[in-house]
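Visitor: I have a structure I would like to understand better, so I am pasting it below and will then ask my questions one at a time.
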Amino acid sequence: MRPILAALRDDSTAAAARLFTDLAVEYLAATTDRGQPVSTPRTAAELAPRFDEPFPAQGRPLADIAARIAREVIPDSNRLCHPRYIGHQVSAPLPAAIWSEPLIAALNQSVAVWEMSPVATLIEERVVAWMRELAGYGPGSGGTLTSGGTEATFTALLAARAAVFPEAWGLGMHAAREGGPARPAIVCGEHAHYAIARAAGEMGIGVGNVETVPSRDWRMDHAQ
């Protein structure tokens with residue numbers, strides 16, 4: 001265990017952290033250069049050979065890892081802070097959020113249960129309360145933070161399913177439908193994200209039971 005503990009101590013120093021924070025600082029500075037491309041001109045076939053290697057039998061010094069990231073990863077990654085990047089799916093990260101990520105990873109709190117995150121759980125509840133106030137919901141409302149829009153959509157549809165088919169979680173959709181609505185359906189606009197159809201399939205409602213409403217001026221046309 002001694003070599004492992006010694007390696008962990010070496011990787012826990014400020015010098016080790018700077019290997020990666022320096023890369024992030026350099027990336028943020030370089031990615032705002034209009035003279036650089038927003039994304040790589042190389043194809044997947046051109047990039048794949050860089051990482052076509054066997055499973056590593058032992059660890060490598062962090063300095064070697066950081067050097068390889070600088071050489072083989074960053075140059076061909078998307079530059080989200082580039083002036084010509086239009087925010088496709090993900091937005092440019094805020095620097096303050098970048099610097100908080102190492103601390104979040106170090107604390108590694110799990111907000112699934114309170115005893116695994118006694119402070120983070122309370123922070124999540126306060127952030128959700130702020131969101132409730134901004135949306136105009138009353139004090140009896142609630143919510144939870146998710147990792148992104150797809151999971152948020154899935155969570156919201158699960159809540160809707162629980163309201164209409166409360167037995168679905170324990171008995172499944174087939175049994176839950178007995179005595180309930182004859183046919184479950186999800187109604188959404190024709191331009192709705194495909195995460196809705198995926199959620200319908202995963203929840204047992206069925207992709208074929210997603211009813212899309214035609215739009216007019218990019219809004220659902222209820223008259224149709």
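The values are calculated or read from the model by the stated rules, or taken from the named source; none is laboratory data. Please read these numbers as outputs of a predicted model, since none were measured by experiment. Neighbour counts are summed over all protein chains in view; Cβ atoms, including those assigned to glycine, are modelled from backbone coordinates with ideal geometry. For accessibility, only protein heavy atoms count, side chains too; no ligands or nucleic acids. Shrake-Rupley method; radii C 1.70, N 1.55, O 1.52, S 1.80 Å.
Visitor: Got a number for residues in the range 181-219 being open to solvent by 40 Å² or more (accessible area, probe 1.4 Å) and more than 20 Å from residue 156 (Cα to Cα)?
Guide: So the count comes out to 6.
Visitor: Please state which of the following conditions residue 131 fails to meet, knowing it meets all the rest: (1) among the hydrophobic types (A, V, I, L, M, F, W, C); (2) closer than 25 Å to residue 219 by Cβ; (3) open to solvent by less than 40 Å² (accessible area, probe 1.4 Å).
Guide: For residue 131, the exception is condition (3).
Visitor: Do the conditions hold for residue 70, that is, is it touching an Asp or Glu at 6+ places or on another chain (Cβ under 9 Å), in contact (Cβ under 8 Å) with a residue 24 or more places away in the chain and not in a loop (DSSP other than H, G, I, E, B)?
Guide: Yes: the conditions hold for residue 70.
Visitor: Are any residues in the range 10-35 outside any helix (DSSP H, G or I) and open to solvent by 80 Å² or more (accessible area, probe 1.4 Å), and if so, which ones?
Guide: 12, 34
Visitor: Follow-up question, since we're still on this one. Kindly establish whether residue 17 is in contact (Cβ under 8 Å) with a residue 24 or more places away in the chain, more than 29 Å from residue 149 (Cβ to Cβ) and small (Gly, Ala, Ser).
Guide: Judged against the criteria, residue 17 is a match.
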